[in-house]
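Read through the structure below, which is laid out as structure tokens, and then see the notes.
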Amino acid sequence: MRAIRICSASRLPFAIVTAVLAAAALMSCPWPARTLAQPGAAAPTFYRDVLPILRQHCQSCHRAGEIAPMAFSTYEETRPFASAIVTDVGSRKMPPWFADPSVGHFVNDPSLTAAEIQTLARWSAAGAPPGESADAPPPRHFAEGWNIPQPDLVVRMPKAVAIPASGDVEYTYEIVPTGFTEGKWVAMSEIRPTSRENVHHAVVYIRPPDSPWLRDLPKNVSFTASEMTNEQDMHDTHTTKADILLVYAPGSSPDEWPAGMAKYIPAGSDLVFQMHYTTHGRATSDQTSIGLAFAKVRPAKRVLTLQLTNSSFVIPPGVGDYRVEVHGSLPNDALLLSFFPHMHLRGKKFEYNILQPDGSVDPLLRVNYDFYWQLSYRLAAPTPLKAGTVLQAVAYFDNSKNNPHNPDPNATVYWGDQTYDEMMVGFFDVAVPANIGKPEFFIRDGRAN
Ligand code: HEC
């Protein structure tokens, strides 16, 4: 966390500006008397003008117990950060968002409008006045400990995983039976680690009862690949056809599917938690949960998470812009919903495109990748794609010494689990008819592939 900055803006210069504006207004335009009657009415106040912006764009992270180290729930909490807020929203460092604004529109884009940034700047310049608490917008209700509404069900890994103080930690798995006697449609889900700083990523898979995946491994206890005796199991920990319920990485937000769409968990399924922990100098433990909110009515469409992956790259030492590409054609019609790019510390940019038969490229998303902010990007207008559409993912890696996160610019870098290795995964979500699961979706022209 950076040092706390105290607002240094003085009241005076803004008071003068306000007075001049008010005088100009008096002379030229018929402002309502109420406005004129309040000296300095033009200065935004915390309760009336600033709090609505904080509620809508900031408090998902800036409230007690969430990932930001300072809360912006009350005037007293926010006031000391007034000038820091102006700096960080002005440079668009906050709220965090990494998509190139010229490509695509995304429902979860938290970016402020120019007018909102202006309001925050004018508030700070006016000395960050509180205003009248009666002007506050209705409070935004957050479920305690969740950013989705209160979950219908919380599935917690039954066994806490011990995390050492240092060194690499192998991927850790925990298989948790749901006990569902009927299929469940999940409209929203959220992963909550108990030791957030140690979770590099978490993936929760749905293992239907007929899946052979990791079938002979124990339930309700944690294990790693190297504890396995069966070669097939060791291999299978890293390759699965199981559908993904949710991927979590630093900064990522919960899943909330559009109306009429949801993930499906068949009756009798297990949830398989795949946890990648990192160490931070202090031994601790983690017991991650996933919160599920079920759809109120049976949805018309089922959401599947698919991926474009290239795992055979070799990134040479010192190269600042190494390109890795992968593309594939869609086996069946689908509605494209969202993206979640994943790389490690050398990740620099990530793109998704549609490759047209005439060779032209339709850009879908351009991300200036930041390992510490792995976000999902949800299309404002989900895009229908025909079977045979070619989707492309392109990643750029910065293995030069100019990359401040680069653990070793002299290394040749390959695919691997640890953050000093690299990954290139373009996750994306599609909606398909409700009766189609992942295996059926991959049947092309009546043939499995
Ligand atoms: C997705 C989570 C998230 C959202 C949304 C978010 N922040 Fe942050 N913010 C953080 C985290 C985490 C930090 C601390 C780490 C950092 O500085 O990157 C932070 C740090 C800051 C700081 C730096 C404080 C200091 O140390 O000087 C300011 C200012 C800030 N945020 C303002 C905002 C404002 C204003 C908004 C909304 C318009 C916002 N943030 C939205 C997560 C978030």
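For the chain, modelled as a GNM with alpha-carbon contacts under 10 angstrom, which of 108, 402, 310 fluctuates the most?
Its mean-square fluctuation being the largest, the pick is 402.
Contour minus end-to-end for residue 66 and residue 358, with contour as 0.36 nm per residue of separation and end-to-end as the Cα-Cα distance?
Stretched out fully, the residue 66 to residue 358 stretch lengthens by 100.4 nm.
Using helices alone, I'd like the mean residue ellipticity at 222 nm for the chain: each DSSP H run of four-plus residues gives -39500 (n - 2.57), total over residue count, nearest 500.
When only DSSP H runs of four or more count, the value is -4000 deg cm²/dmol.
Apply 1/(1 + (r/R0)^6) to the Cβ-Cβ distance of residue 92 and residue 421, taking R0 = 35 Å, and write down the FRET efficiency to the nearest 0.05.
FRET efficiency, residue 92 to residue 421: 0.70.
For 412, 284, what ranking results if the residue with the fewest other Cβ atoms within 10 Å of its Cβ goes first?
Result, fewest neighbours first: 412, 284.
Taking neighbour Cβ counts within 10 Å as the exposure measure, how do 358, 210, 255, 236 sort from fewest upward?
With the fewest neighbours first, 358, 210, 255, 236 line up as 358, 210, 236, 255.
So what's the net charge close to residue 192: Lys and Arg +1, Asp and Glu -1, counting the other residues with Cβ under 12 Å from its Cβ?
-2
Between beta-carbons, use under 14 Å as the cut-off and find the net charge around residue 282, counting Lys and Arg +1, Asp and Glu -1.
Charge balance in the 14 Å sphere: -1.
Pick out, in residue order, every one of the chymotrypsin sites (Phe, Trp or Tyr not before Pro) in the range 307-385 that is DSSP loop and has at most 13 other C-beta atoms within 10 Å; say none if there are none.
Sites meeting the loop and neighbour criteria: 372.
Please find the FRET efficiency linking residue 225 to residue 114, where r is the Cβ-Cβ separation and R0 is fixed at 45 Å, and quote it to the nearest 0.05.
Approximately 0.35, to the nearest 0.05.
So between residue 282 and residue 162, what do we pick up on full extension, going 0.36 nm a residue minus the alpha carbon distance?
42.1 nm
Skipping prolines and chain starts, which residues have an amide H placed within reach, meaning under 5 Å, of the one on residue 245, given they are 5 or more residues away or on another chain?
204, 205, 206
State the extension gain, in nm to one decimal, for the chain segment bounded by residue 180 and residue 311, taking 0.36 nm per residue of separation less the distance between their alpha-carbons.
Once the chain is fully extended between residue 180 and residue 311, it gains 43.6 nm.
Give a quick list of trypsin sites (Lys or Arg not before Pro) in the range 70-176 that DSSP marks as loop, anything other than H, G, I, E or B, with at most 11 other Cβ atoms within 10 Å.
Answer in residue order: 93.
Work out from phi, with θ = phi - 60° and the Karplus expression 6.51 cos²θ - 1.76 cosθ + 1.60, the ³J(HN,Hα) of each residue of the range 73-82, listed in order in whole Hz, and give x for Gly and Pro.
Each residue of the range 73-82 in turn: 8, 10, 4, 4, 6, 7, 3, x, 9, 3 Hz.
Given 37 °C and 0.692 mPa s, how large is the Stokes-Einstein diffusion coefficient of the range 300-449 in µm²/s, with Rh as the Kirkwood radius over Cα pairs?
Stokes-Einstein gives a translational diffusion coefficient of 201 µm²/s.
If r is the Cβ-Cβ distance from residue 403 to residue 383 and R0 is 45 Å, what FRET efficiency results, to the nearest 0.05?
0.85
Could you work out the relative contact order of the chain, using alpha carbon pairs under 8 angstrom and six or more residues apart, expressed as a whole percent?
Computed value for the chain: 17 percent relative contact order.
Summing Lys, Arg as +1 and Asp, Glu as -1, what charge do residues with Cβ under 12 Å from the Cβ of residue 377 carry, residue 377 excluded?
-2
Given the convex hull over the Cα atoms of the chain, what projected area results after averaging over all orientations, in nm²?
26.3 nm²
Among 229, 194, which comes first, second and so on when ranked by fewest other beta-carbon atoms within 10 Å?
Placing the least packed residue first, the sequence is 229, 194.
FYI, it's all coordinate maths here, none of it is from the lab. What you see is a predicted model; the values in this text were computed from it and never measured. Counting neighbours? That spans all protein chains shown, and the Cβs are built from the backbone with ideal geometry, glycine included.
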